[in-house]
1. Could you give me the residue pairs with C-beta distances under 8 Å whose first residue belongs to segment A:121-136 and is outside the structural domain of A:Pro93 (by TED's automatic domain parsing) and free of Cβ contacts under 8 Å to residues at least 60 places away in the same chain, whose second residue is surrounded by 14 or more Cβ atoms within 10 Å (Cβ to Cβ) and of a type in the set (Lys, Arg) wherever it lies, and which are 6+ apart or on separate chains?
2. Does segment A:28-37 contain at least one residue that is modelled with pLDDT under 95, crowded, with 23+ Cβ neighbours inside 10 Å, part of a loop (DSSP other than H, G, I, E, B) and on the phi < 0 side of the Ramachandran plot?
3. Given the structure, is B:Arg90 surrounded by fewer than 21 Cβ atoms within 10 Å (Cβ to Cβ), assigned to a helix (DSSP H, G or I) and either touching a His at 6+ places or on another chain (Cβ under 8 Å) or more than 12 Å from chain A (Cβ to nearest Cβ) (or both)?
4. Can you tell me how many residues within segment A:97-114 are within 12 Å of chain B (Cβ to nearest Cβ), among the small types (Gly, Ala, Ser) and touching a residue at least 12 places away in the same chain (Cβ under 8 Å)?
5. Within segment A:196-212, is there a residue that is modelled with pLDDT under 90 and of a type in the set (Ser, Thr, Tyr)?
6. List every residue pair whose Cβ atoms sit under 6 Å apart, with the two residues 6 or more apart in sequence or on different chains, where the first one lies in segment A:79-96 and is facing another protein chain (nearest Cβ under 7 Å) and more than 10 Å from B:Leu152 (Cβ to Cβ) and the second, anywhere, is surrounded by fewer than 19 Cβ atoms within 10 Å (Cβ to Cβ) and among the polar types (S, T, N, Q).
7. So if I check each of B:Pro103, B:Pro121, which one is surrounded by fewer than 19 Cβ atoms within 10 Å (Cβ to Cβ), within 30 Å of B:Asp208 (Cα to Cα) and in the same structural domain as B:Gly141 (by TED's automatic domain parsing)?
8. Kindly indicate the residue of segment A:57-78 that is more than 11 Å from every other protein chain (Cβ to nearest Cβ) and surrounded by 18 or more Cβ atoms within 10 Å (Cβ to Cβ) and also nearest to B:Ala172 (Cα to Cα) among those meeting that condition.
Amino acid sequence: MPTPLLQVSNLTATYMEDGQHLTALEDVNLHVDLHEFVCLIGPSGSGKSTLLDIISGLFAEVAGSVEIDGREIPPAERAGSTSYMRQRDLLMPWRTALENAALALEVHGHTKTDARARAQERFAEFGLAGFEDRYPAQLSGGMRQRVAFLRTVLAERDLLLLDEPFGALDALNRSNLQQWLVQMWEREQQSVVMVTHDVDEAVFLADRVIVLSARPGTVIHEERINLPRPRTRAMLTSNTFLAHRAVLLDALGLLDGDVA
Amino acid sequence: MSDRLARIVGPIVVLLLLILGWEVAVRVTDTQTWMLPAPSDVLGSFRDDWRLLLEHTRVTLSEVLIGFGIALAAGLITGIAIDSNRVIERALYPLLIASQTIPMVVLAPLFLIWFGYGLLPKVLVTALVAYFPLAVNTVDGLKSTDRELMKLLRSMGASNWRIFRLAKVPSALPMIFGGARISVAFSVIGAVFGEFVGAKKGLGYLMDRSAAMFETPRVFACIVILAVMGVVLFALVGVIERITLPWRRYTSASIL
């Protein structure tokens, strides 16, 4: 069996709130294979974002381990080994779209010129051609999100961590970007861990969906999605899709009859 | 464009009308020149005393620029120190805020006692008045940096220095420029006040001496120069801001 790209073992995390230790995650075990798209779903407060913070090195676990490429990496050294896209686009208002897209490359030591040239090469592919010199304030929400995506992809890391990247968008933009993300990923094949609270989105995008319980979060269900690639929106009404959806809703305790 | 033109032309027309009204009022009421000179008398003073005015303007302007420069450097350094270290912040920041309530110009007589009649005491008063808006705005500007953005940079593996340069400085610059605009206007007041208290040169000194001799047109000429100096310096900071921060045009309405 090949080594998974990401292996999270017996992970426990606590944080302080109002002077109390709260357990955010308890004994979490999960892995992500190379070229795999994994969605994490769970009720709010299940520690989904905390898990991404831990994998990216922003937050330290109290127990357990994170292995990337078969090597255990302590929290302090994890920063920079993944590419993390947080909920908000977090574009710098003082940088143009092109300069924003090149940010991760610059942080990773590329010269400004080189970073911007690399970003420029991918602009058209991300539907941003002609908008290189616009400031974020001049871009629509969907375009800003695509610039943030480009920045995340350009970091050239094997593992992308996406925290509800469509959370702030309206339904139409959201659906367009989902379609666009799935197509892009089917070309790129970088591994992805994406947090979402939308079951349909998870089934549509992922190879595998991992369900976390309410706090303290732990893995309560894993669902391999048997939809073929490339994915199309027509699959949203297929029986396979609906069956997966039902299982996941049930795992979340959201099916009719479960609600008290 | 016509909107912008109107914004420039409007105040100028009002100003010219006021000056005209003043000229007429002085002539109609036959007010003595030593009491209230007409604008034409003030112009006359510019014509007759321009060498004198220029000489003293140079002194005041250098006090303003040196004082402001010192304040800028000191404000940035303390601002950065307070932002970067919690111990320094706890010890210094409350004092900094509290000290803003003290009118710094009242220290001018002390500087006269300690440093005499030269340039130094005026520069010090100027620097003191100009310092606080710069220091406080630097702290507030650095603190306004989006924490999520800093986390993003940290997740990319950026060092503290990188985060400071890539996120904190650009986030703080609009507020630092805001502070600089206030400070530069304060600087002119500081320098003139320093000269009032005791000086041998400068527009404050020239005003004081001219007033004592009832050379009122010259007093007005000094006032006009000081007003222009304040406005020009204020506008200059605005121009530098617009060149340095081109993106601001799209995120906020600009002043001036």
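The values are calculated or read from the model by the stated rules, or taken from the named source; none is laboratory data. Small disclaimer: the values here were computed from a predicted structure and weren't measured. Neighbour counts run over all protein chains shown; Cβ positions are idealised from the backbone, glycine included.
1. Partner pairs satisfying both residue conditions: none exist.
2. no
3. Yes; evaluated as a whole, the condition is true for this residue.
4. Of the residues in that region, 3 qualify.
5. no
6. Final answer for the pair search is A:Pro93/B:Thr251.
7. B:Pro103
8. For segment A:57-78, the residue satisfying everything is A:Glu61.
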